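What follows is calculated from the coordinates using simple rules that are stated; it is not laboratory data. Remember, it's a predicted structure, so these values are computed and weren't measured experimentally.
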Amino acid sequence: MLVLTVPVIADDSYPLGDVNWDHKITVVDALLIAQWQGQPFVNHPVTQRYLMNGDVNQDNVINLTDAQWICDRLAGMRNTSYELMEAS
């Protein structure tokens, strides 16, 4: 599994895409977004606080587009700011 390791930051600010706050951006984060989509936060293993990192495209909606952007980043198609990379 491809994993992007993110350094631990002292002030508890986690990067966009790290939905489960494990200091790594992995396909697990994308899967959590996909599983959560359209469901209430009640009794969900991922709290609203964690999911704030799931809105990677900053459109105020957490949906499959955000999960796709995480997968694109893992595949090297987006940079750490989730901007599309130039084709080489």
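Summary of computed values
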quantity	calculated
Chain lengthening between N60 and A34 when straightened (0.36 nm per residue, less Cα-Cα)	7.8 nm
Amide H partners (placed H, <5 Å) of K24, local residues excluded	V6
